[in-house]
Amino acid sequence: MERTLILLKPDCVQRRLVGRILSRFEDKGFNIAAMKLIQVTPEMAKVHYAEHVEKSFYPGLEAFITGGPVVALIIEGLEAIRVVREMLGATSGLKASPGTIRGDFSSSRQMNLVHASDGPEAAQREIGIYFKEEEIVPDTPTLTPWLRAADE
């Protein structure tokens with residue numbers, strides 16, 4: 001099982017799309033291992049987006065991500081990182097394919113509704129920014145045998 005961090009960004013929360021987007025991950029068969037509504041602080045943003053802090057676009061990025069509540073969650077499942085990123089679509093909603101989350105709900109590069117970790121190292125680092133170990137609830141839903149073969 002692989003875990004990834006997902007942030008349902010302020011635009012997602014403000015547009016009341018949280019339930020619709022969460023249901024897509026659940027419909028795909030992913031487990032939610034942790035979830036909470038938070039306000040990202042400027043300090044958290046600087047840690048999360050450390051590679052961008054010195055770039056000219058960073059002030060706008062920080063203002064956006066700290067501008068309203070965010071739903072932070074950990075999703076787990078087979079190949080979760082790759083599959084979730086494919087479900088999101090291209091970064092810009094204008095370039096994302098129909099059927100992807102961004103392709104269906106976004107028409108912006110920055111206001112693209114959802115952040116998802118881009119690799120295993122990033123997932124581990126980002127999960128540590130938003131969650132304490134005791135906030136993660138390991139659970140195997142009873143329907144798991146009906147979602148994938150036992151040897152997957």
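Only the coordinates and a few stated rules stand behind these numbers; no lab work does. Just so you know, these numbers come straight off a predicted model, no measurement behind them. Using ideal geometry, Cβ is built from the backbone for each residue, glycine included, and neighbour counts are taken over all protein chains shown.
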Study note, to complete from the structure: If N is the residue count of the chain, its Cα Rg over 2.2 N^0.38 Å rounds to 1.03
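If you filter the range 1-67 for GluC sites (Glu not before Pro), then keep DSSP loop positions with at most 12 other Cβ within 10 Å, what is left?
Those that pass, being in a loop and sparsely packed, are Glu54.
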Review point. Among Leu17, Leu88, Leu113, which one moves the most in a GNM of the chain with springs linking Cα atoms closer than 10 Å?
Key: Leu17
Practice item. State the number of lysine pairs found in the chain whose Cα atoms come within less than 21 Å, restricting to pairs 8 or more positions apart or on distinct chains. Key: 11
Exercise for review: Scan the chain and hand back the longest stretch that contains none of the trypsin sites (Lys or Arg not before Pro) lying in DSSP loops with at most 10 other Cβ atoms within 10 Å.
Suggested key: 56-131
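Report the local net charge at Thr140: Lys and Arg +1, Asp and Glu -1, summed over other residues whose C-beta lies under 15 Å from its C-beta. Before the final figure, lay out the partial values.
Values: positive: Arg3, Arg148; negative: Glu2, Glu26, Glu76, Asp139, Glu152.
Once all neighbours under 15 Å are counted, the net charge is -3.
How much length is gained on full extension from Glu79 to Tyr49, taking 0.36 nm per residue of separation minus their Cα-Cα distance? Please report the intermediate quantities before stating the final value.
Values: separation 30, 0.36 × 30 = 10.80 nm, distance 2.37 nm.
Extending this stretch completely gives an extra 8.4 nm.
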**Study point:** Normalised contact order of the chain, rounded percent, pairs of Cα under 8 Å and 6 or more residues apart
**Key:** 34 percent
